[in-house]
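Step one of this worksheet: look at the structure below.
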Ligand SMILES: [Zn+2]
């Protein structure tokens, strides 16, 4: 099972989030038929989204991320909450780009330049939206910038996905270290030192690191406050898809009924298919006329 952990260090002046998301990233890879660079881009974004979900104190709050760039991936959409569920998709699943000099997936090139947008919504309450320009499209740097600028929380962010040559996801996860308002100059230096010494997060996870050990190995006094399961889980349902069909106007629905074919709708987030018969559509029209 994939895990997320929340910890503190340096007398409570530093908060740490870590996530091992290998299985859920592999599930997304299979569901969306992702090629390596698309898998890395979505995997990194889902990892940061899970950790942002865990920052929320309210169970009802949903954190959604939208990244729009001019690279071949086009968009990355994910959403999560503090339940540990995450879902997501990319505009173009079939992207394979790597940097020539290093044997490294070129997520920055695949995303390109553009912006990232974070929406926090709580049921009927108005949404909080923060938007920043992308720094590099590599996702971790972009979110470090987002936390600093949009949430005024100085943060170090590491995200990584290791994809094997047969395209399966071998390791995925992330780490966020945040300086709380009481942080001193020494805390800042200690954070920079600890962060600078880290191996790439996907290498750590591939070597056997857990969400807990990633936190505990960072600082001498680091301790884990909470650990929870995380998974790829969509919120779609047959009823929600039906509601989507119900937004079509009667003329369109009638044409579809006349075609007398099974309608297949696919959820963008998870690729789940839902089938509707002409009779199902007729029911929507009948309810309107009743
Ligand atoms: Zn779905």
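The values are calculated or read from the model by the stated rules, or taken from the named source; none is laboratory data. Keep in mind the model is a prediction, meaning the values are calculated, not measured. All Cβ positions, glycine included, derive from the backbone under ideal geometry; neighbour counts span all protein chains shown.
Here are the numbers:
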{"quantity": "Sole residue being at pLDDT 95 or above and touching a helix residue (DSSP H, G or I) at 6+ places or on another chain (Cβ under 6 Å), chosen from 155, 202", "calculated": "155"}
{"quantity": "Check on residue 192, assigned to a strand (DSSP E or B) and either in the same structural domain as residue 96 (by TED's automatic domain parsing) or more than 26 Å from residue 97 (Cα to Cα) (or both)", "calculated": "no"}
{"quantity": "Those residues of region 229-248 which are more than 12 Å from the ligand (Cβ to nearest atom), buried (at least 16 other Cβ atoms within 10 Å of the Cβ) and assigned to a helix (DSSP H, G or I), in sequence order", "calculated": "242, 245"}
{"quantity": "Hey, residue 8 surrounded by fewer than 22 Cβ atoms within 10 Å (Cβ to Cβ) and at pLDDT 95 or above or not", "calculated": "yes"}
{"quantity": "So residue 95, is it part of a helix (DSSP H, G or I) and within 18 Å of residue 105 (Cβ to Cβ)", "calculated": "no"}
{"quantity": "Residue 153 assigned by TED's automatic domain parsing to the domain that holds residue 47, more than 15 Å from the chain's Cα centre (by Cα), surrounded by 15 or more Cβ atoms within 10 Å (Cβ to Cβ) and not in a strand (DSSP E or B)", "calculated": "yes"}
{"quantity": "Looking only at region 249-282, and only at residues there that are over 24 Å from residue 33 (Cα atoms) and in contact with a strand residue (DSSP E or B) (Cβ under 9 Å, 6 or more places away or on another chain), the one that is nearest to the ligand (Cβ to nearest atom)", "calculated": "276"}
{"quantity": "Some residue of region 88-102 being touching a residue at least 40 places away in the same chain (Cβ under 8 Å), within 16 Å of the ligand (Cβ to nearest atom) and surrounded by fewer than 22 Cβ atoms within 10 Å (Cβ to Cβ)", "calculated": "yes"}
{"quantity": "Test: residue 94 is on the phi < 0 side of the Ramachandran plot and modelled with pLDDT of 95 or more", "calculated": "yes"}
